[in-house]
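The values are calculated or read from the model by the stated rules, or taken from the named source; none is laboratory data. Because the structure is a prediction, the values reported are computed rather than measured. Ideal geometry is used to build each Cβ from the backbone, glycine not excepted, and the neighbour counts take in all protein chains shown.
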């Protein structure tokens, strides 16, 4: 008897928590979920909008014309400050170079991977940048916006647990068809529960990765990557005089000799006269960003002065590196991105159906109270 009462109290409390959280945070949660969902495929939207981003020919990693791309950009924009050259994982994208103009504007320069031909320039503020910034920090300063957004992970996680407690024997409901022949509150509730069951693992993943972002923003950042083992040779300019695509291609070959099999994704040009050239990419470690494998090159003599791979990183850093691929679903290419997009839409729909369920239930209660008052009078 005591166990039955305790179970009823737990159900009542869980239902109250689930409903209250859904009502109070539904609109804000829906906004975050929708912007995050579109952020998953926002780079592909940019690709559709901007012809400068589209590669004319698909090439293997070993065939990328890094040096030709560098030379072409120097010829096209000699006064620009080149930050780095980036290759996306999907081969239908051109090489992207981030640069700062002489009037201090951030721009994106695009080059063909196969021959390095310059294809055009686009503004730094893209569809991807809009949705990522809106989703991550609400277009607010990061120190303010990121904690606000990531704090929503806690009500999301609590709501998930409470919902599973309320839904008795939830494991039997995975193939329960919604009762569309009933009124809207009933069939919308059936859809809410069905979608919630099938996406519960995804909701937990998004919530837990967001909790990690929250911890990082409050000071729990991972340690820095291992640095160069040897100091860079001092020089009079950021890059040595006469540095060209030929030297860049040699630096790439030296990096590949240091880490055979490296799929180069990022070439970060020196930021100062004492900074190395950094070449990063994908190797053997799973669920890490491209920066988790890197080689340091001294731009003066093109010697390798240090390197690291994802397997050498500590647990804290590995978790930090896994957060983005898991949160945005790009670890498996376009296939997982599409899957994450569909799951994100499902979560957004759940937030909205939860509001419908609660509002209909509240309307029925008000109607019943009205009828009771009429009978009494």
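Annotations for the structure displayed:
- Test for residue 224: is it under 30 Å from residue 305 (Cα atoms), free of Cβ contacts under 8 Å to residues at least 60 places away in the same chain and in a loop (DSSP other than H, G, I, E, B): yes
Quick grid of which residues meet (1) buried (at least 16 other Cβ atoms within 10 Å of the Cβ); (2) part of a helix (DSSP H, G or I):
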residue	(1), (2)
296	yes, no
305	yes, no
311	no, yes
323	yes, yes
332	no, no
335	no, yes
340	yes, yes
348	yes, yes
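- Of the residues making up the range 113-150, those that are touching a strand residue (DSSP E or B) at 6+ places or on another chain (Cβ under 6 Å) and either buried (at least 20 other Cβ atoms within 10 Å of the Cβ) or on the phi < 0 side of the Ramachandran plot (or both) are 113, 118, 119, 121, 122, 124.
Yes or no, residue by residue, for (1) more than 22 Å from residue 137 (Cα to Cα); (2) in contact with a helix residue (DSSP H, G or I) (Cβ under 9 Å, 6 or more places away or on another chain); (3) modelled with pLDDT of 85 or more; (4) surrounded by fewer than 16 Cβ atoms within 10 Å (Cβ to Cβ):
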site	(1), (2), (3), (4)
174	yes, yes, no, yes
179	yes, yes, no, yes
182	yes, yes, no, yes
188	yes, yes, no, no
192	yes, yes, no, no
201	yes, no, yes, yes
204	no, yes, yes, yes
209	no, yes, yes, no
221	no, yes, no, yes
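- Enumeration of residues in the range 248-270 that are out of contact with any helix residue (DSSP H, G or I) (no Cβ under 8 Å at 6 or more places or on another chain) and without any contact (Cβ under 8 Å) to a residue 60 or more places away in the chain: 250, 251, 253, 254, 255, 256, 257, 258, 259, 260, 261, 270
- If you check 60, 76, 105 for being over 25 Å from residue 330 (Cβ atoms) and without any contact (Cβ under 8 Å) to a residue 40 or more places away in the chain, only one passes: 105.
- So residue 334, is it modelled with pLDDT under 90, in contact with a helix residue (DSSP H, G or I) (Cβ under 9 Å, 6 or more places away or on another chain) and farther than 27 Å from residue 251 by Cβ: no
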